[in-house]
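Colleague: The structure under discussion is supplied below as structure tokens; questions concerning it will follow.
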């Protein structure tokens, strides 16, 4: 039978860390608030709430790693919160803003986004230990949510009549849902050394970036995430010699694209080395 020390240890392991899960709950609340706000026709507030949820989603995992409070419960809770904040919330906000008048097409477009987000999260969780950390396989669900939510934010802020762009909104929502389950490679920026030293010019550029975002946050943020969405197909096309169906969608070997990318890098390094040797001769 386990002694008292083992019982106390097991009880401690079953505990829930407060700080990271508190941030996850804040993100979940923001997503739920976005749904309620869209039901009350407060679409600008709903779109802003989705971006606030993104901030909390980015903080909870980093805080858990920094404070050594990572747990299986936190990971599962984070996934459940993501499907609400970045799956259900953007789809319903877009539906209430522009898709409701399309009838069946409208709610089908919203459902494709939700289903794509759920499949994206499931694939990400199952491939977590084997995937290339430098890239995401498919558009990440927070980025897809920012694309859809940003479109609603821009339209609401600048007084765009949603009935005039309802079909365009449906196409955007469907494309975002399909890109999440695609095999397009998106930079994860996880290889950036955020703790490294930088020059003073970099800090000035960061300040300038904040100023630019603050001038027109809706338009700037939507433009940034729209360009990031386009970067996936471009990165994939440049990473392979011949684009195949498995590079776009379907089952693919996780290391196939990595092998081709590494081979291209080695060929480039070999060419540079040969050129330098010839120059030395």
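Colleague: If you average the C-alpha positions of segment 59-111 and of segment 151-169 separately, how far apart do those two centres end up, in angstrom?
Modeller: A separation of 21 Å, based on Cα centres.
Colleague: Once the principal axes of the Cα atoms of segment 50-156 are found, what is the range along each, listed largest first in whole angstroms?
Modeller: 48, 25, 25
Colleague: Next up: Which log10 I(q)/I(0) values, to two decimals, does segment 13-250 give at q = 0.11 Å⁻¹ under the Debye formula with one point per Cα?
Modeller: Listed by q, the Debye log ratios stand at -0.60.
Colleague: Which of 52, 249 comes first, and how do the rest follow, when ranked by fewest Cβ neighbours within 10 Å?
Modeller: 249, 52
Colleague: Which order do the peptides 79-88, 58-67, 31-40, 204-213 come out in when sorted by mean C-beta neighbours inside 10 angstrom, highest first?
Modeller: Ranked from most to least packed, the peptides come out as 79-88, 31-40, 58-67, 204-213.
Colleague: Quick check: residue separation of residue 226 and residue 41 times 0.36 nm, minus the Cα distance between them. What number comes out in nm?
Modeller: Working it through step by step, the gained length comes to 64.2 nm.
Colleague: How would 107, 97 line up from fewest to most surrounding beta-carbon atoms within 10 angstrom?
Modeller: 107, 97
Colleague: Take every Cα pair under 8 Å in segment 13-250 that's 6+ residues apart, average their separations, divide by the length, and report that relative contact order as a whole percent.
Modeller: The normalised contact order for segment 13-250 reaches 21 percent.
Colleague: Would you order 92, 108 from fewest to most other beta-carbon atoms within 10 Å of each residue's own beta-carbon?
Modeller: 108, 92
Colleague: From the C-alpha coordinates alone, can you work out the Kirkwood hydrodynamic radius of segment 28-99, in Å?
Modeller: Computed over segment 28-99, the radius equals 12.5 Å.
Colleague: For segment 142-202, what does the equivalent ellipsoid look like in terms of its semi-axes, each the square root of 5 times an eigenvalue of the Cα gyration tensor, given largest first in whole Å?
Modeller: Listed largest to smallest, the semi-axes of segment 142-202 are 33, 19, 7 Å.
Bear in mind these aren't lab numbers, they're just calculated from the coordinates by the rules spelled out. Note that the coordinates shown come from a computational prediction; the quantities given were computed from them, not determined experimentally. Counting neighbours? That spans all protein chains shown, and the Cβs are built from the backbone with ideal geometry, glycine included.
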